[in-house]
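These notes are about the structure you will find just below.
The values are calculated or read from the model by the stated rules, or taken from the named source; none is laboratory data. Quick caveat: nothing in here was measured; it's all calculated off a predicted structure. Using ideal geometry, Cβ is built from the backbone for each residue, glycine included, and neighbour counts are taken over all protein chains shown. Heads up: the accessible areas ignore ligands, DNA and RNA and are worked out on the full protein's heavy atoms, side chains in. Shrake-Rupley method; radii C 1.70, N 1.55, O 1.52, S 1.80 Å.
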Amino acid sequence: MLVVKLGGALGNEAEPVLRALPAHRPCLLVHGGSAEADRLSEALGRPARFLASPTGVVSRYTDAEHLDHVTMAIAGRANTALVARLQRSGVPAVGLSGVDGGLVRARRKEAVRAVLDGRTVHVRDDLSGAIESVNAALLGTLVDAGYVPVVSPPALAADGAVVNVDADRLAARVAVAVHADALLLLTNVPGLLRRVDEPSSLVAEVPSARFEEFLSLAQGRMKKKLLAAHEAAAGGVPRAVIGASQGPDPIGAALGGAGTVVA
Ligand code: ADP
């Protein structure tokens, strides 16, 4: 089983990934939609804000209003568009957010530590969570019946509240839960780069023994991707690759080792 995560930031290309996907069934698609969420919240007059942790990991500041925007943009519009596109090419895709069927359970973070104006503060109205479990049985039922699940944030907390989760970490947890043979995190860059603006500085492999060293190379959102790939590898997924969503066959390329292979 293959798990592909398609990035949602600007510069990602869905079309080549969706064109390549049917040849790799049984498979599962996980997606984010950050550009879509940013666009919607901007249009609604309340642009997205971001929090940087003391270690430099950047996450979306998801207060109640922004959670609505994220849900509308990602679980709504982006998910529906991907499912419709796959259906058009004859793939029986089924869209699910982490809330559907209790697919993804998450624990809401009481307070998020963030650096604001050089000071570490505790943000208490952030409605994001750490993933606790994935309902692999539900995914298995769909896949066994021939469907291709298309999975997005948000997730469900124990008290029934909706909480945002990171799509890369979600993809990693899904890959571990379904015992995937490979997890491909496809994004708008060729992989982990030694210098962000230099595609030729690609790191071909991140061995687990040198994970911390390479984590410090990644900034912002790439840190989450590296953490997610490492989490999948540590959880038993034999192949975890961060690669480009662009190009004629992004899935074949990443499976063939193009990008950053994380052990
Ligand atoms: P997606 O929506 O595809 O998941 P993200 O924006 O979340 O994409 O993450 C990819 C981004 O991470 C890149 O576009 C790049 O700007 C940023 N980044 C930061 N540090 C690095 C690095 N060392 N190598 C590659 N990308 C990096």
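For K225, a cut-off of 17 angstrom between C-alpha atoms picks up these aspartates and glutamates, skipping any fewer than 8 places away in its own chain: D166, D168, E205, E212, E213.
Pop out the carbon and sulfur fraction of the accessible area of segment 2-262 as a percent, whole number, probe 1.4 Å.
Carbon-and-sulfur percentage of accessible area, whole number: 53.
Using the Cβ-Cβ distance between E205 and H122 with R0 set to 25 Å, the FRET efficiency works out to roughly 0.10. Averaged over its residues, segment 2-262 has an accessible area of 43 Å² per residue, based on protein heavy atoms and a 1.4 Å probe. Note on the chain: antiparallel DSSP beta bridges, both residues inside, total approximately 40 percent of the bridges counted.
With a Förster radius of 30 Å applied to the C-beta separation of A64 and E13, the computed FRET efficiency comes to 0.40. Per residue, the convex hull spanned by the Cα atoms of segment 2-262 measures out at 121 cubic angstrom.
Placing a pseudo-label 7 Å from each Cα along the Cα-to-Cβ vector at D197 and A43 gives an inter-label distance of 3.2 nm. GNM remark for the chain: springs join alpha carbons under 10 Å apart, and the peak mean-square fluctuation among D159, D38, D68 falls on D159. Extension gain, S133 to R25, is 36.5 nm, computed as 0.36 nm per intervening residue step minus the present C-alpha separation. Phi angles across segment 44-53 convert, under the Karplus curve 6.51 cos²θ - 1.76 cosθ + 1.60 with θ = phi - 60°, into 3J(HN,Hα) values of 8, x, 9, x, 4, 10, 10, 10, 10, 6 Hz, Gly and Pro given as x.
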